[in-house]
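A.B. asks: Handing you this structure, nothing more for now.
The values are calculated or read from the model by the stated rules, or taken from the named source; none is laboratory data. What you see is a predicted model; the values in this text were computed from it and never measured. Neighbour counts are summed over all protein chains in view; Cβ atoms, including those assigned to glycine, are modelled from backbone coordinates with ideal geometry.
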Amino acid sequence: MNDPLRRRQFLNGAGLGFGGMALGSLLGSESGSRIAVNGHPHFAPKAKSVIWLFMRGGVSHMESFDPKPELTKHAGKTIAETPYASVQDPELLKKVRVVVVNDANGQQRNVIYPLQVGFKKYGQSGTEVSDWFPHIGSCVDDIAVLRSMWTTDDNHGAQVQFHSGKHRLDPPGPTIGAWVNYGLGTLNENLPQFISMGPRFFDKKDGHYLGPAYDAVKLKIDPKNPLDFAKPEAGGISPEEQRLGFGLVNRLNHLTSQRYPNDAALDARIKSYELAYRMQTAVPGVINFDTESEPTKQLYGLDQKETKPFGEQLLAARRFVEKGVRFIQIMHGDGAAGAWDQHSNLKAKHGELSMQVDRPIAGLLKDLKQRGLLEETMVVFATEFGRTPGTQGSNGRDHHPYGFSVWMAGGGIKGGLTHGATDELGFHAAESPQYVTDVHATILHQLGINHHALEVPGHKRLDIEKGNVIRDILS
């Protein structure tokens, strides 16, 4: 069985079918092609890990973390009929497929849609948060809200743009999770470096020109089968038989390595099979919550059917952070566009979706903080764009890339502040506008990476793709 292909087929049948994934990771880290820091930060980091929470579809910034009471005050008016007519930039309005309804006479008018939920101030900072997010509101003194985000894609390809900085029509580029993986590698060789949970419907790759070694490992909250191809194909193979088979192939591989001592690829392949076996045993243990206390499970909402699915993913994220996983990416909102895409019935649907995530996210922040992990773990709440200040149809809002909100917490981020602002109607990022890769640059900076150094020969990145560190939110 000296043929590497036959050995690989044997291992696949023994339940190490994702050994190729581990092999890619090891080849990527040992090939010498990495231009990043390979586990050694350029400077002292403030954070070790990132938990990336992405709400697919476009959360309304005005009904979440940037309340605009002027919308209710001027509801039913055109923007030109308000004191804020100047925000109605003709060139932008040509691009916005929004704020058009039929009036009583059947004429189309651009009219303002009132806020669909109340809001109030929270914490010592007095940050205003909508009534749909009261649990996150209770954590605002640990959060920096960025109210002046902007992007250039007005359709859901903006999900790709928020992760990579690349427009959907541009050649694809690595995502932020891939760059973190590329730059720093792993803190735990028994677990994936980069994990993704939840639905993805657009670009499902992360590494792109970095290579598949930097793609996320897809994970399910199922201790019996958390990873695809992680169970033996042939039924009836006991753990002892699997271990013996693995040991045999490993010995044969090492015999071959003695014959070819300078074969780096072979050495990496041997290590990949070892890593694959370790992952097969380590991952299920991390997502087994039997050792968690009932108060902890309740903190994440595992006692409520609406919050349990997302809460389990966030509890798993905390456990992976404890084990040294660098980047955990969690997507919320099923469907091709994403469940947060409320062109109609915004009040009911945003209310339902916010209930699913509000308590679990607050639970994650509080749990990380009480365990002393928030200081070294960045938590990011993001979405591809906001929603329009005007109405679409009778009770919805359309896509809006010109001003929206995300927030960040932990890992050296100042809590209890808001950065930037949209205008009074939530139309434009009017103060300190931040492009999506400014968030990326800030994350990499807090991890100790000079993001300008993360380049690959033949793939020069534009300045806008690199972004700028948002230093006003750093402690």
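A.B. asks: Which members of the stretch 19-66 meet the condition of being at pLDDT below 50, among the hydrophobic types (A, V, I, L, M, F, W, C) and surrounded by fewer than 17 Cβ atoms within 10 Å (Cβ to Cβ)?
C.D. replies: Ile35
A.B. asks: Residue by residue through the stretch 67-81, note down the ones that are more than 27 Å from Leu146 (Cβ to Cβ), modelled with pLDDT of 85 or more and either in contact with a helix residue (DSSP H, G or I) (Cβ under 6 Å, 6 or more places away or on another chain) or in a helix (DSSP H, G or I) (or both).
C.D. replies: Residue satisfying the conditions is Glu81 alone.
A.B. asks: Starting from the stretch 344-371, keep only residues that are crowded, with 18+ Cβ neighbours inside 10 Å, then list their pairs with residues that are at pLDDT below 95 and of a type in the set (S, T, N, Q) whose Cβ atoms are within a distance under 8 Å, requiring at least 6 positions of separation or different chains.
C.D. replies: Leu346/Asn395
A.B. asks: Let me ask something else. Identify, from the list Trp179, Trp150, the residue that is over 16 Å from the mean Cα position of the chain (by Cα) and in contact (Cβ under 8 Å) with a residue 60 or more places away in the chain.
C.D. replies: Matching residue, one of Trp179, Trp150: Trp150.
A.B. asks: Just name the residue that is nearest to Ile221 (Cα to Cα) out of those in the stretch 307-324 that are in contact with a Lys or Arg (Cβ under 9 Å, 6 or more places away or on another chain) and outside any helix (DSSP H, G or I).
C.D. replies: Within the stretch 307-324, the match that is nearest to Ile221 (Cα to Cα) is Thr307.
A.B. asks: For Arg397, state whether it is buried (at least 23 other Cβ atoms within 10 Å of the Cβ) and of a type in the set (Lys, Arg). Working first, answer last.
C.D. replies: Details: buried (at least 23 other Cβ atoms within 10 Å of the Cβ): yes; of a type in the set (Lys, Arg): yes.
Yes.
A.B. asks: Looking for something part of a helix (DSSP H, G or I), out of contact with any Gly (no Cβ under 9 Å at 6 or more places or on another chain), basic (Lys, Arg) and at pLDDT below 85 - is there at least one such residue anywhere in the stretch 97-106?
C.D. replies: No.
A.B. asks: Continuing with the same structure: Can you tell me which residues in the stretch 170-192 are aliphatic (A, V, I, L, M), modelled with pLDDT of 90 or more and more than 30 Å from Val129 (Cα to Cα)? Let's see the steps before the verdict.
C.D. replies: Residues of the stretch 170-192 that are aliphatic (A, V, I, L, M), as a first pass: 176, 178, 180, 184, 187, 191.
Narrowing further to those that are modelled with pLDDT of 90 or more: 176, 178, 180, 184.
Ala178, Val180, Leu184, listed by residue number.
Residues are listed down the side, and each one gets a yes or a no for (1) of a type in the set (S, T, N, Q); (2) touching a Lys or Arg at 6+ places or on another chain (Cβ under 8 Å); (3) on the phi > 0 side of the Ramachandran plot:
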site: Glu376; (1), (2), (3): no, yes, no
site: Val380; (1), (2), (3): no, no, no
site: Pro389; (1), (2), (3): no, yes, no
site: Ala409; (1), (2), (3): no, no, no
site: Gly426; (1), (2), (3): no, yes, yes
site: Ala453; (1), (2), (3): no, no, no
site: Leu474; (1), (2), (3): no, yes, no
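A.B. asks: Could you tell me whether Leu462 is crowded, with 17+ Cβ neighbours inside 10 Å and not polar (S, T, N, Q)?
C.D. replies: In short, no.
A.B. asks: Take the conditions among the aliphatic types (A, V, I, L, M) and either in a loop (DSSP other than H, G, I, E, B) or under 21 Å from Asp334 (Cα atoms) (or both) and apply them to Ala362. Does it pass?
C.D. replies: no
A.B. asks: A further question on this structure: Considering only the stretch 378-470, give the strands (runs of 3 or more DSSP E) lying wholly within it that have at least 1 residues that are touching a residue at least 40 places away in the same chain (Cβ under 8 Å) and in contact with a helix residue (DSSP H, G or I) (Cβ under 7 Å, 6 or more places away or on another chain).
C.D. replies: Details: elements: 404-409, 417-419, 429-431.
The qualifying strands (runs of 3 or more DSSP E) are 404-409, 417-419.
To keep it simple, each residue is scored yes or no on (1) at negative phi; (2) in contact with a helix residue (DSSP H, G or I) (Cβ under 8 Å, 6 or more places away or on another chain).
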{"position": "Asp290", "(1), (2)": "yes, no"}
{"position": "Ser293", "(1), (2)": "yes, no"}
{"position": "Gly301", "(1), (2)": "no, yes"}
{"position": "Gln304", "(1), (2)": "yes, yes"}
{"position": "Glu312", "(1), (2)": "yes, yes"}
{"position": "Ala317", "(1), (2)": "yes, yes"}
{"position": "Phe320", "(1), (2)": "yes, yes"}
{"position": "Arg326", "(1), (2)": "yes, yes"}
{"position": "His332", "(1), (2)": "yes, yes"}
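A.B. asks: Further question on the same structure: Does any residue of the stretch 257-271 turn out to be at pLDDT 70 or above, touching a Ser or Thr at 6+ places or on another chain (Cβ under 8 Å) and not small (Gly, Ala, Ser)?
C.D. replies: no
A.B. asks: Looking only at residues in the stretch 358-396 that are of a type outside the set (Asp, Glu) and touching a His at 6+ places or on another chain (Cβ under 6 Å), which one is nearest to Lys46 (Cα to Cα)?
C.D. replies: Ranking the candidates gives Ala362 first.
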